[in-house]
DNA sequence: GTCTATATAAAGATAGAC
DNA sequence: GTCTATCTTTATATAGAC
């Protein structure tokens with residue numbers, strides 16, 4: 001570890017790594033500073049609160065989801081749009097495994113989302129758009145189980161060994177089975 | 001809240017409620033004491049460490065999984081056994097939603113499991129037994145996505161409204177789709 | 001079996017020197 | 001832009017009175 005570098009492009013990945021391993025609540029600014037080889041004060045120079053760091057780390061993930069939802073809006077509603085959402089989510093979740101794991105799994109995130117209305121909107125749309133047309137009662141359950149399963153790779157060492165392509169295809173396959181893709 | 005009651009049968013449900021809402025790392029002994037209406041010292045009279053409380057809260061869930069795995073051992077290996085596991089897990093996860101959510105979702109739990117080998121064994125067996133026979137590459141992924149999805153109800157208010165029976169059937173349905181039940 | 005009070009460490013956060 | 005030093009609060013944990 002090279003000492004004395006708390007630039008944004010180094011700080012945020014370090015924080016993400018710790019959030020993924022210990023959770024947001026289980027990660028202190030001291031741990032982030034140690035990971036970077038700097039003092040806590042150096043971290044505070046870039047972000048005046050811990051919440052600011054959490055938000056900066058997660059923001060790109062929420063933006064990606066929002067962009068995906070926006071992008072598939074031009075497709076016909078129904079199976080085709082659901083398939084595009086599933087494929088897009090699989091691609092993003094595989095490419096940014098830790099980021100999506102924190103966003104979808106960490107119990108501290110709902111509170112953050114509640115404090116930032118801009119974060120909530122994309123997921124509300126996503127959940128609605130992913131629902132199969134029939135099976136009204138259990139459709140939300142299928143969507144929730146798919147989204148929860150999306151981050152299954154995070155903790156499992158056996159799955160961590162899968163290639164991006166294997167994992168992406170596996171996730172899409174599960175999406176097909178749960179969400180009646182067209 | 002009646003004041004002055006930190007008996008085990010009151011303490012553990014209160015702790016579980018807080019663990020489910022704020023995560024294990026996000027829950028302090030002060031929060032537990034406040035929830036019970038007693039002082040921190042009263043809590044420490046029953047459990048000398050926080051880890052002791054976490055273990056006492058989660059132990060029944062791990063025991064249930066172990067008992068389930070043990071119970072299905074008499075069934076023929078394969079689809080029939082997988083179905084029994086899925087039905088048993090669905091039943092337990094629905095009945096003890098918060099407990100299973102903490103056990104399967106909280107990032108602090110893997111560290112706890114690592115420190116208590118007796119906790120790890122049942123899940124290793126469970127994961128192995130749940131795997132469909134074919135599809136060797138993505139079978140562990142299907143299992144992991146099912147287990148992660150098992151606790152999807154925890155955070156979603158829309159799903160929290162489902163009855164136990166609706167939820168149980170929905171989970172079994174997803175298990176059927178992912179795990180090639182016989 | 002609970003309380004108040006306290007010890008000790010670590011948390012989030014700031015001030016001011018370099 | 002980072003440092004040391006410090007502040008304040010909160011964390012885990014203990015001692016001893018009731």
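Just so you know, all these numbers are worked out from the coordinates, no wet-lab data involved. Since the model is a prediction, treat every value here as computed from it, not as a measurement. For neighbour counting, all protein chains shown are included, and Cβ atoms are generated from backbone atoms with ideal geometry for every residue, glycine included.
Rounded to the nearest 10 degrees, the inclination of helix B:164-179 to the longest alpha-carbon principal axis of chain B is 50 degrees.
Relative contact order for region A:63-140: what percent, with Cα pairs under 8 Å and sequence separation of 6 or more? Please report the intermediate quantities before stating the final value.
Details: 40 pairs, mean separation 28.6, N = 78.
In percent, rounded to a whole number, it is 37.
Placing a label point 7 Å from the Cα of residue A:163 along the Cα-to-Cβ direction, the residues of region A:91-128 whose backbone N falls under 17 Å from that point are A:91, A:94-95. Ordering B:156, B:34 by the number of other Cβ atoms within 10 Å of each residue's own Cβ, fewest first, gives B:34, B:156. Eigenvalues of the alpha-carbon gyration tensor of region B:8-48, scaled by 5 and square-rooted, set the equivalent ellipsoid semi-axes at 15, 10, 9 angstrom, largest first. Could you state the angle between the C-alpha long axis of helix A:117-130 and the longest principal axis of the C-alpha atoms of chain A, as a value from 0 to 90 degrees rounded to the nearest 10? Result, in degrees: 30.
Seen from all sides and averaged, what is the projected area of the convex hull of the Cα atoms in region B:58-178, in nm²? Write out the running numbers ahead of the final one.
Details: hull surface 29.5 nm².
If you wrap the Cα atoms of region B:58-178 in a convex hull and average its projections, you get 7.4 nm².
Relative intensity of the protein assembly as shown on a log10 scale, I(q)/I(0) at q = 0.07, 0.11 Å⁻¹, equals -0.32, -0.80, per a Debye sum over C-alpha point scatterers of equal strength in the absence of solvent. Across chain A, the relative contact order, built from alpha-carbon pairs under 8 Å that are at least six residues apart, equals 23 percent. Label sites at residue A:28 and residue A:48, each approximated as a point 7 angstrom past Cα along Cα to Cβ, lie 2.4 nm apart. Taking label positions 7 Å along the Cα-Cβ direction at both residue A:10 and residue A:125, the computed distance is 3.7 nm, reported to one decimal. Relative to the longest principal axis of the Cα atoms of chain A, the long axis of helix A:8-22 lies at roughly 70 degrees.
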